[in-house]
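This report concerns only the one structure given below.
The values are calculated or read from the model by the stated rules, or taken from the named source; none is laboratory data. Everything numeric in this text was worked out from a predicted model, so none of it was measured. All Cβ positions, glycine included, derive from the backbone under ideal geometry; neighbour counts span all protein chains shown. With ligands, DNA and RNA removed, areas are computed over all heavy atoms of the protein, side chains included. Shrake-Rupley method; radii C 1.70, N 1.55, O 1.52, S 1.80 Å.
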Amino acid sequence: MLMISDNVWNEIKNVIPEKKSKNGRPQSDPKVVLSGIFYIMVTGAQWGKLPSYYGPASTVHGRFMIWARLGIFEQIMKCSIESAIEHLGYPESFFSDTSSAKAPFAKFGGKNPTDRAKNGVKKSIVIDWNRVIFSVLIDAANVHDSKLLIPHVKNIKKFVDRPKVMSTDSAWDVTHLRNKLAKENLALYAATNVRRNKLRPKLRPGGRWKVEQVFGIQQWNRGIKFCWTKTKESFLALCQLASAVHNFKLAGVFG
């Protein structure tokens, strides 16, 4: 039985909304409900296959959608970042990359040009040297990586207390993007895009393998390895929960 540990629950319970009205049926235990969502994320099972000890599948799914719309999973991820920073220290630099996933039912998906034009989505993360995930974004597979730049910068802005380096792939090797990051106290260190200028020296930022490693770890969660959801908010919520679990593990409070 997959359950959220007491250590993690104590870190996040204050952001989980409680039912204030005494009308209607008593609310299901939010820790058990969150554990049911955790089960779906890890196994990739259909909601209808949720084991009964988590409660009715319709109830758990309903709470999941409400929490997703309220931004609760974003708050859980923020709690995990704070916990990781307390354990590992403040970020000294950042690394970003993207990963594509098949999404046969996603209404927000797009044709993936590298997978025979099948419907897919794109996951993008920003991590630090310690592999703590500070930002996670999703979009259609045919959206260019550079379009996710500004949203990422907004998510990590509070952690840029002084000039820091952002290492990325060649998709961000553009002058106007360097200028935008410079205004936010970030020095863009992108791999050289030789298609734009074959005479430029080739740059290959070190440490970006850490991003690939984090993506590999997250692939263990079958619920986000492939996108089975129809809505963007629900898939993002699962990705945020997976990122929070990853961060809590780094902080040594997940078990």
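A few points about this structure:
- Qualifying residue in the stretch 53-69 (condition: under 30 Å from Asp161 (Cα atoms) and of a type in the set (A, V, I, L, M)): yes
- Residue list for the stretch 119-169, restricted to those being closer than 29 Å to Pro104 by Cβ, among the small types (Gly, Ala, Ser) and outside any loop (DSSP other than H, G, I, E, B): Gly120, Ser124, Ser135, Ala140, Ser146
- Inter-residue pairs, beta-carbon under 8 Å, first under 18 Å from Ile85 (Cα atoms) and in contact (Cβ under 8 Å) with a residue 24 or more places away in the chain and in the stretch 151-170, second in a loop (DSSP other than H, G, I, E, B) and of a type in the set (Phe, Trp, Tyr), 6+ apart: Phe159/Tyr90; Asp161/Tyr90
- One residue stands out in the stretch 67-119 among those that are small (Gly, Ala, Ser) and free of Cβ contacts under 8 Å to residues at least 24 places away in the same chain: the one that is most open to solvent (accessible area, probe 1.4 Å), namely Ala117.
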